């Protein structure tokens, strides 16, 4: 008998260019409120349904759409690779806010696969359109399959957008400590409709080599954006046009994270560029090289 194979093994770039399933979502007040509640953000823009302009959604509700349209049923599943995958980077670009009543259709396309030192990195670009077919948002999300080997050449079908140029001075402008409760991951799972058992079941997290259940990367980033909206954007989530962040260290339950604003400036078009990072309970960077662009 041969010993069982371990590790993620080899991956092929044959799937680059393939699209995920497409789904449409009606953006109801219930969904908008639930997502905000899942990250303990009580901004009235998400809850006051008597606002004349109606509710708008937290920008990171885009990840609820992404998660539920991520499947590629036409592509064979590699069960060995799945446990080694980690969410690495986010680049969310919004043309306008998500609004109450929107009918949002989301579909992704795998646009690149590359060999890097830690393994294989795959970038999927999700396009989110409204009922008129206009693009509301694009979400680039990259994942690394740790220890995997890519068979064949790197394939890049679409380039990543340029990183905004920061021309101001850097330095700590403000910091905000946020408590992550013992039930935070379970609450986020249900409110955001993003289920992965490493975030809710200890037996699965431990078996995957984690110290315990960990907070979703999208939740950590959403919480950081909430603090930036409150402290740098006058509480107006409708101003957000882009969020960039690299996920690094883990965030555990019953702990505290620190969101730090490290610089602000305006670009040539008058948009506000904000630099930030997020430290976890051990002082490690949970989110690094963060940038928010706002009107």
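Every number here is computed from the coordinates shown, using simple stated rules; none is lab data. This is a predicted model, so every value here is computed, not measured. Ideal geometry is used to build each Cβ from the backbone, glycine not excepted, and the neighbour counts take in all protein chains shown.
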Put a dot 7 Å past each Cα toward the Cβ at residue 103 and residue 77; how far apart are the dots in nm? 3.1
Least to most buried among 166, 71 (fewest other Cβ within 10 Å first): 71, 166
Can you classify segment 1-81 as rounded, prolate or oblate using the Cα gyration tensor, where a ≥ b ≥ c are the square roots of its eigenvalues, rounded means a/c under 1.5, and otherwise it's prolate if a/b beats b/c and oblate if not? prolate
For peptides 105-115, 73-83, 133-143, sequence by mean Cβ density within 10 Å, most packed first: 105-115, 133-143, 73-83
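May I ask you to sort 98, 25 by Cβ crowding, counting other Cβ atoms within 10 Å and putting the fewest first?
Exposure proxy ranking, most exposed first: 25, 98.
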Ignoring everything except DSSP H segments at least 4 long, calculate the 222 nm mean residue ellipticity for the chain; use -39,500 (n - 2.57) per segment, divide by total residues, nearest 500. -5000 deg cm²/dmol
So how far apart, in nm, are the two label points at residue 288 and residue 201 if each is 7 Å from Cα heading toward Cβ? 3.2
Nearest 10, in degrees from 0 to 90: the angle of helix 29-38 to the longest Cα principal axis of the chain is 70
How tilted is helix 217-232 with respect to the longest principal axis of the chain? Cα atoms for both, answer in degrees (0 to 90, nearest 10). 20
Modelled label-to-label distance, residue 28 and residue 173, 7 Å Cα→beta-carbon offset: nm? 3.9
Find how much the distance from residue 49 to residue 93 grows on full extension, using 0.36 nm per residue of separation minus their present alpha carbon separation; answer in nm with one decimal. 13.3 nm
When the Cα centres of segment 257-295 and segment 15-61 are compared, how far apart do they sit, in Å? 22
Sketch the reach of a paramagnetic label on residue 186 as a point 7 Å from Cα along Cα-to-Cβ, and name the residues of segment 40-75 whose backbone nitrogen lies under 17 Å away. 40
By how many nm would the segment from residue 236 to residue 162 lengthen if fully extended, with 0.36 nm per residue of separation less the alpha-carbon distance? 24.1 nm
Shape of segment 139-200, Cα gyration tensor, a/c cut at 1.5: oblate
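Please label the shape of segment 85-134 as rounded, prolate or oblate, based on the square roots a ≥ b ≥ c of the eigenvalues of the alpha-carbon gyration tensor (a/c under 1.5 means rounded; beyond that, a/b larger than b/c means prolate, else oblate).
Here segment 85-134 falls in the prolate category.
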